1. Given the Cα-Cα distance of residue 44 and residue 159 and 0.36 nm per residue of separation, how much length would full extension add, in nm?
2. Report in % the part of the accessible area of the stretch 129-182 that belongs to carbon and sulfur, leaving out ligands and nucleic acids; probe 1.4 Å.
3. Just the accessible area for residue 108, please: 1.4 Å probe, Å², rounded to the nearest 10?
4. For the stretch 70-182, what is the accessible area per residue in Å², given a 1.4 Å probe and the full set of protein chains?
5. Could you work out the local net charge near residue 122, counting Lys and Arg as +1, Asp and Glu as -1, over the other residues with Cβ closer than 11 Å to its Cβ?
6. Between beta-carbons, use under 13 Å as the cut-off and find the net charge around residue 107, counting Lys and Arg +1, Asp and Glu -1.
7. Using R₀ = 41 Å, calculate the FRET efficiency as 1/(1 + (r/R₀)^6) where r is the Cβ-Cβ separation of residue 76 and residue 131; round to 0.05.
8. What does the accessible area of residue 79 come to, in Å² to the nearest 10, when a probe of 1.4 Å is used?
Amino acid sequence: MRIATRFASRTAASSMVVAAALALVGLQATGQTASAATAKASSVVTCTTANTKLTVTRVSRPINHLLLKATNTGTKPCYAYIAPFLRAGADAQAPLAWAEETTPQAVVTLRPGKSAYAGITTSTPEGEGGAKEKTLGVFFTDRKGNAINKEKTLKLPKTGIFFNSAATVTYWQDNAQDALAW
């Protein structure tokens, strides 16, 4: 009976050692996976005026629209969160409204050299007031929708672009067609 008890105790102890070793390996693997995921996530930065080139162009269709393009000039991918804050003219009191119906399925991620786009409606017949503006101030946003970094001021055509109270901007899109489709 004593031999059977000793054998059972040794077997149980061996099983516990094996279980502990497997648990430790599992924890290490989980830690490594979490570390790899964290490292990968931390290798993507927020798009800012420092790591992107911004351009604005007048488009022929649809009328009264501009296309804002942000191209990643950095060495890491960047997230173009939500939509840009835009200031039409140096004396603008408030940013253009965001067109909520243009919210994309996911945050737009720009690999180095790739671009994101935002469509700008400058005016509509329903809008009130307005003036011709010669500059467009652009701020990027963080994941919470707060303006970040410094403003980048872009020049509009010399004759100016007319903006009225109906001016809006889309959320960042991964292609120009979607930015101008609304």
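The values are calculated or read from the model by the stated rules, or taken from the named source; none is laboratory data. Predicted model, so just to flag it, every value in this text is computed and none were measured. Virtual Cβ from ideal backbone geometry, glycine too; neighbours counted across all protein chains shown. To get the accessible areas, we keep the full protein, side chains included, count just its heavy atoms, and leave off ligands, DNA and RNA. Shrake-Rupley method; radii C 1.70, N 1.55, O 1.52, S 1.80 Å.
1. 37.5 nm
2. 51
3. 10
4. Ligands and nucleic acids excluded, the figure is 54 Å² per residue.
5. +1
6. Once all neighbours under 13 Å are counted, the net charge is 0.
7. Efficiency, from the Cβ-Cβ distance: 0.55.
8. 60
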